[in-house]
C-alpha cells in the first residue's frame, strides 16, 4: 500500500523525538572512562540484580499472566470487562503510586502484609519486594499482548482437538499454548523490558540497598547525585542491555506479530 | 457399527428436531440457511446443550436433559469435519493425522501412532503430503487430510458440515470420491450437511429436510428426490410443488381456492393435507389464456428467468401461501417469441397426467399412515 | 498536491512552539524572582516568601524546591534563576565551579541529624548505638546525598557501623519509610522530624554536632532581577527569616 507522502513528516518527527535524546545520552558519555565507570563493583552488582529480578518477574508474569489472558479472551460479560479495566491500572498509575499501593497491600502494616509479618514472612526491603514491584507493573503488558493473540487465534482449533478425543488439559498443552507461542514471546519481551527499567515502585516499596534491592535504575538515580558521568555511562549500559533483549529475542516477533 | 438417535429442542435458535441414523447409514441434512442443521450437529457433538433433548449413540447416552446427563465432547467418539479443514498450523500433516492416536482417543505410543497416521493418509490419497505443513496445502488437499485426521480418532459417527462447499469442482469431485470410498468401506454412520444434489445422490442413503428448525420431510434419497413433499425438497430436487387439501379422484384444492387435477398416489386420503408435484419440463407457458380443455391453468407473474441445462427456466412470483414460485422449462426461442421478462403476466398450463398428488408430511417428517 | 499538505502541518508546529515560548517569557517580565532551594527549606522559605512580598509590594517569588544536586544540574544546563540555596556547601561549590554564582555565598542556617521512630518509640531507642540492635530495622540516606554523608560522619564519631535495610536517595523517602511503618527507625534532619510532628517520635543524637550541615545562599550571576534577588537574600538572613528558620528547627549558620 502506498502511503500519502505527507505522512512521513509526522512519522519522522515521532522517530526523531525518541532517537535524539538517546543519541544525546550516548554522545555525552565519557568514552575513555566508560569501562571504568561501569566496571565498579556497585555497578556490576546492580546490573546482575537487575537481570535476576527482571527474569524472575517475567517468569511470574508468564505463569500467572497466560492463564489470565486466556480466561479474559474466552469469556465475555461484565465481570470480564471489569477485570480488563482493572488490569489497565498499573499502566496508568505513576509507578511511585504503584509502590505505595504495594506497600498498603504487602507492607508491614498492609492489608495482607500484617498477617505475613505475624507469620514471620517479611517482604519489604527484600529482593522479593523488587520482583513483586516489577511483576505489578509488567503483568498488564503480558496479559494485553496475549489476550489479543488469543482472541485472534480463536477457539476453533480447541474444539476440533476435543472432537478428536483430547482432554482439556491435553488441548491446552498441545494446541492452545503452541498456537499462542508468538504472542507469548512478544509479551514476555515487553514484560522483561519494562521490569528492567522499573524504578518508582521499586524505590517506594523495596527500598535501596546494594546487592539486595538496588537495581540498575536505582543505582543510576543514586550516582547522579555525585557522579553524573557514571550515571550517564550506566544509563547507556541499561539501554544497551534492553536493546540486546529486544532485538535479540523480540523484534522479529514484535514486527511480524503473526500466528504462523 | 453404531446407530444414532437425536432429539433436541434449542429454544433460542428456534430448533425442535428429531431424527435417527441407522448403523452404517449416511443421512443427508438439507434445508435453507439458518434452518438448524448446524445446531443439530453441535448438539450431537456435545458443543451445545439443548434445553430439552436426548442424544444416544449405540448403547451410550451422551445427552439426556431429563436425567441430567451430559458427556463432554472429548469423550463422545464423534468425528467432526467442517467447511474449513482447521488443520493445526504448528504441526505437520502427519502429526495432525497422528494427533488422535497420540493425544486423543485410542492413545498409543509414538511409533504406532505414526504408523496409524500413515495408513489413514494413504486411504485418503494423501500419503505424499505427510511431511508438508498445513499452509502449504490446497483447499482440497487440506480437507482430505482433515478427513484422515478425523477418521484416525475412530469415531462411532461422522458429522460433516458442508465439507465440500469451499472446494473447486475438481477438488470437490476428488473429495467426494474419497468420502464415498471411506464411508462405504468402513460402514460408518454419518450425518452430512450439504447443499449439493450430487453429494446427496452419491453419498446419502436417507435425506432429512429441515425448515425453520423443524424436520419437514424425511425418507430415502430416491423417495424424497422423486416425490418431494416439502417446498425445500421440491426446490432442491428441481420440481414444482403446490400445497393444499386432497379431494376425490386426484384433485387438490389450495387454501386460496385454486384447483389442480392430477393422478393420486395410493396413500392419498380425501380431506387430508396433500401436495401436487410436477416437473418444470411438463409446464406450457402462454401469453393469453389458452382456449380448450386443459385444466391446471394458472395466471402468474414472471419473477425471474434462469438457465436450466439447454432450456430457460421461467420462475413465477411466490405462491399465495408463501411457497416458492412455480417453474417452467421452455426453449429460448419460445421465451423470445412470447416476449417474456420479469413482471410480465403469463399463464402456466400442465396436463393432468404429469401431476402426481401425494399426502403431505407430518411434523416428524414421515408421511402419515 | 502532497507537498502542499505538509505545509499546514509545519506551520502548526511552529505556532505551537511559539506559544510555549511566549508564555514563559511573559512571567519573567514582571517583578518576579526565581529561587532554587533545597527541598528541606520548603515550608520555611514559603513563609519567608510571603514576608518578602509584603515588604516589596510589586514583587513576587517563584520557588523551585528539589534535591540540591538536581537543582545544580538544572542550573548548569541553563535553567534561569535568581537565587540558589542548596542543602549543603558541596553543591554550592559545584555551582561556583560552573561560574554561576555572583559574589560570595552566605551561610544562613544549619541542620543536624536526629533519629525518628514510630510514635511512642516502641523499640525503646535511646541512642545512636541502639540503632544496631538486631530487631531494629533502620533506614538512612545513601552516602551520595548530604544527609547520608552526615550520617557516615556520626557513624565515625560514635564508632558504630549501621546495617540499614535501605539507603534512600532523599531524606523525604527515609521519613516516609518510618511514618508508613515499614522501618522501625530512620536518621533524618531535625527539621524533618519537627515537620512530621506527631507522626513520629524524635530521639536526639548526642553526637549530632559531629555532622553539622551548613546551608549557603547566593545570588546567581545571570539573575534577571539582581536587586530583588539581593533583597530576598537579606530577608532570609535578616531577623524575620532567621526566626522562621529557627522555629522550623534549623540551627544557627
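The values are calculated or read from the model by the stated rules, or taken from the named source; none is laboratory data. Computed from a predicted model, the values in this text were never measured in an experiment. Cβ placement follows ideal geometry from the backbone for every residue including glycine, while neighbour counts extend to all protein chains displayed.
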When residues of segment A:150-159 are limited to those that are within 13 Å of chain B (Cβ to nearest Cβ) and under 29 Å from residue B:107 (Cβ atoms), the one surrounded by the fewest Cβ atoms within 10 Å (Cβ to Cβ): A:156
Meets criteria (in contact with a strand residue (DSSP E or B) (Cβ under 6 Å, 6 or more places away or on another chain), touching a residue at least 12 places away in the same chain (Cβ under 8 Å), crowded, with 23+ Cβ neighbours inside 10 Å and in a loop (DSSP other than H, G, I, E, B)) for residue C:216: no
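Yes/no matrix, rows are residues, columns are (1) on the phi > 0 side of the Ramachandran plot; (2) surrounded by fewer than 22 Cβ atoms within 10 Å (Cβ to Cβ):
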position	(1), (2)
C:71	no, no
C:78	yes, yes
C:123	no, yes
C:159	yes, yes
C:170	no, yes
So residue C:143, is it more than 14 Å from chain A (Cβ to nearest Cβ) and surrounded by fewer than 17 Cβ atoms within 10 Å (Cβ to Cβ): no
Condition check for residue A:129: within 14 Å of another protein chain (Cβ to nearest Cβ), at pLDDT 90 or above and closer than 19 Å to residue C:138 by Cα: yes
Some residue of segment C:164-179 being more than 14 Å from the chain's Cα centre (by Cα) and farther than 28 Å from residue A:221 by Cα: no
Scan of segment A:206-222 for residues that are surrounded by fewer than 24 Cβ atoms within 10 Å (Cβ to Cβ) and out of contact with any strand residue (DSSP E or B) (no Cβ under 6 Å at 6 or more places or on another chain), ordered by number: A:210, A:211, A:212, A:217, A:220, A:221
Those residues of segment A:1-39 which are within 13 Å of chain C (Cβ to nearest Cβ), outside any helix (DSSP H, G or I) and either within 28 Å of residue A:203 (Cβ to Cβ) or in contact with a helix residue (DSSP H, G or I) (Cβ under 7 Å, 6 or more places away or on another chain) (or both), in sequence order: A:4
Filtered residue count, segment B:53-95, keeping only those that are more than 13 Å from chain A (Cβ to nearest Cβ), surrounded by fewer than 16 Cβ atoms within 10 Å (Cβ to Cβ) and touching a helix residue (DSSP H, G or I) at 6+ places or on another chain (Cβ under 8 Å): 0
Wholly within segment A:160-222, helices (runs of 4 or more DSSP H) carrying at least 2 residues that are away from chain C (no Cβ under 14 Å) and over 16 Å from residue A:143 (Cα atoms): A:168-171, A:177-197
Candidates A:228, A:240 - the one that is surrounded by fewer than 18 Cβ atoms within 10 Å (Cβ to Cβ) and within 14 Å of chain C (Cβ to nearest Cβ): A:228
Residues of segment C:221-235 satisfying the condition of being in contact (Cβ under 8 Å) with a residue 40 or more places away in the chain and within 13 Å of residue C:52 (Cα to Cα): C:228, C:229, C:231, C:232, C:233, C:235
Wholly within segment B:217-330, strands (runs of 3 or more DSSP E) carrying at least 1 residues that are surrounded by fewer than 16 Cβ atoms within 10 Å (Cβ to Cβ): B:240-246, B:251-253, B:259-261, B:283-286, B:297-308
First in segment A:74-87 and surrounded by 10 or more Cβ atoms within 10 Å (Cβ to Cβ), second anywhere and outside any helix (DSSP H, G or I), Cβ under 8 Å, 6 or more apart: A:74/A:155
Condition met for residue C:41 (closer than 18 Å to residue C:247 by Cα and either part of a helix (DSSP H, G or I) or in the same structural domain as residue C:242 (by TED's automatic domain parsing) (or both)): yes
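Conditions (1) outside any loop (DSSP other than H, G, I, E, B); (2) within 14 Å of another protein chain (Cβ to nearest Cβ), marked per residue:
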{"residue": "A:81", "(1), (2)": "yes, no"}
{"residue": "A:98", "(1), (2)": "yes, no"}
{"residue": "A:103", "(1), (2)": "yes, yes"}
{"residue": "A:110", "(1), (2)": "no, yes"}
{"residue": "A:121", "(1), (2)": "no, no"}
Positions within segment B:221-230 being touching a strand residue (DSSP E or B) at 6+ places or on another chain (Cβ under 6 Å) and in contact (Cβ under 8 Å) with a residue 40 or more places away in the chain, in sequence order: B:221, B:227, B:229, B:230
Flag for residue A:49 being surrounded by 13 or more Cβ atoms within 10 Å (Cβ to Cβ), touching a helix residue (DSSP H, G or I) at 6+ places or on another chain (Cβ under 8 Å) and more than 30 Å from residue A:150 (Cα to Cα): yes
Among residues of segment C:151-173, those that are within 12 Å of chain A (Cβ to nearest Cβ) and over 18 Å from residue C:127 (Cα atoms), counted: 8
Every residue from segment C:75-94 that is assigned to a helix (DSSP H, G or I) and away from chain A (no Cβ under 12 Å): C:75, C:89, C:92, C:93
Qualifying residue in segment C:160-169 (condition: more than 18 Å from residue C:136 (Cα to Cα) and assigned to a helix (DSSP H, G or I)): no
Of all residues making up segment B:140-156, the number that are buried (at least 19 other Cβ atoms within 10 Å of the Cβ) and within 11 Å of chain A (Cβ to nearest Cβ): 7
Any hit, segment B:132-139, residues being within 13 Å of residue B:93 (Cα to Cα) and either crowded, with 23+ Cβ neighbours inside 10 Å or touching a strand residue (DSSP E or B) at 6+ places or on another chain (Cβ under 6 Å) (or both): no
Qualifying residue in segment C:82-91 (condition: at pLDDT 90 or above, under 21 Å from residue C:194 (Cα atoms) and surrounded by 15 or more Cβ atoms within 10 Å (Cβ to Cβ)): yes
